[in-house]
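Q: Got a structure here, written out as structure tokens. Questions coming.
The values are calculated or read from the model by the stated rules, or taken from the named source; none is laboratory data. Model, not experiment: these values are computed from the prediction. Quick reminder, even Gly has a Cβ in these numbers, built from the backbone with ideal geometry, and neighbours come from all protein chains shown. Heads up: the accessible areas ignore ligands, DNA and RNA and are worked out on the full protein's heavy atoms, side chains in. Shrake-Rupley method; radii C 1.70, N 1.55, O 1.52, S 1.80 Å.
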Amino acid sequence: MTKQPQEIALMAEAGRLLASVFARLDQLELAGMSTMAVNDLVERFIVDELAARPASKGQYGYAYALNSSRNNVVCHGVPSDGEILQRGDIVNFDITLEKNGYIADSSKTYLVGEVAAPAKRLVQVTYEAMWQGIRAVRPGARLGDVGHAIERHARRHGYSVVRDFCGHGIGREMHEPPQVLHVGRPNTGLVLREGMVFTIEPMLNQGRHAVRTEDDGWTVVTVDGGLSAQFEHTVAVTRSGFRVLTLREGERMPQ
């Protein structure tokens, strides 16, 4: 589960390129775009401009470069020509990128136009919860510390944490050990050590944490119809703490 420094350097390059994909998305006027149009733009950018590979395409038979999860979709939303983003929506784009044989994974929830205050608050708290988990990463800490930090922040603000999906180790393969739960008890679970690389990707719901998968076999939605938001970064354990390999330019850890 540990990577050598030269491997982490290659993963950091993949992460830097993936961060530039989100920088490109940040420039878009999403209202009025179909989620398939966003997918196609991302695929062209990764392949033609970054000379990299969208790692999600073909993984487990999935046909697209990203997942687009809108409003009450928790994760694994499938892009569609018929799904048009509207002002007031929130939408998560989950993107993976492979370069030089190593994969980076990240996601961001976007506000489409002017968004109602409750939705905006959910998105902000989810972002903070991800960073609470990242802050807990250091050699000698345990995975339960990461999950506990996320869950505590979510509960403090009245949100539930999805339990059916979790973060994961990553490297040459998209999903490697360990599993990184977003709930947990302090001082439990796997002990972290320098060189581990994994994703932290909490999904927070307005209502209950229960989810269900729709008939397409991919799209996961909240059972109660409430909104859901997610953020994700790929994180390496360093000698003194952590390094976020997918950090976007100008991004700062919330206080």
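Q: Among the residues of segment 140-180, write down those that are closer than 16 Å to residue 207 by Cα, in contact with a helix residue (DSSP H, G or I) (Cβ under 6 Å, 6 or more places away or on another chain) and either outside any loop (DSSP other than H, G, I, E, B) or small (Gly, Ala, Ser) (or both).
A: Matches in segment 140-180: 153, 154, 161.
Q: A further question follows. Can you name the strands (runs of 3 or more DSSP E) wholly within segment 26-112 that have at least 2 residues being more than 18 Å from the chain's Cα centre (by Cα)?
A: Numbers: elements: 66-70, 73-75, 90-99, 102-111.
Fully inside segment 26-112 and qualifying: nothing.
Q: Restricting the first residue to segment 140-160 and requiring it to be polar (S, T, N, Q), which pairs with a second residue that is open to solvent by 20 Å² or more (accessible area, probe 1.4 Å) meet a Cβ separation below 8 Å and a spacing of at least six or different chains?
A: From segment 140-160, the pairs are 160/207; 160/208; 160/209.
Q: Next question, about the same structure. Is it the case, given these coordinates, that residue 18 is touching a residue at least 24 places away in the same chain (Cβ under 8 Å), crowded, with 21+ Cβ neighbours inside 10 Å, within 19 Å of residue 170 (Cα to Cα) and not basic (Lys, Arg)?
A: Details: touching a residue at least 24 places away in the same chain (Cβ under 8 Å): yes; crowded, with 21+ Cβ neighbours inside 10 Å: yes; within 19 Å of residue 170 (Cα to Cα): yes; not basic (Lys, Arg): yes.
Yes: the conditions hold for residue 18.
Q: Further question on the same structure: Against the definition (touching a helix residue (DSSP H, G or I) at 6+ places or on another chain (Cβ under 7 Å) and farther than 16 Å from residue 91 by Cβ), how does residue 183 come out, yes or no?
A: yes
Q: With the requirement that a residue be outside any helix (DSSP H, G or I), touching a residue at least 40 places away in the same chain (Cβ under 8 Å) and either under 19 Å from residue 72 (Cβ atoms) or open to solvent by less than 20 Å² (accessible area, probe 1.4 Å) (or both), what does segment 124-139 give you?
A: Matches in segment 124-139: 137 only.
Q: Something else now. Which residue out of 90, 95, 103 is farther than 22 Å from residue 44 by Cα, touching a residue at least 40 places away in the same chain (Cβ under 8 Å) and buried (at least 22 other Cβ atoms within 10 Å of the Cβ)? First the steps, then the outcome.
A: Numbers: 95 fails: farther than 22 Å from residue 44 by Cα; 103 fails: farther than 22 Å from residue 44 by Cα.
When all the criteria are applied, what remains is 90.
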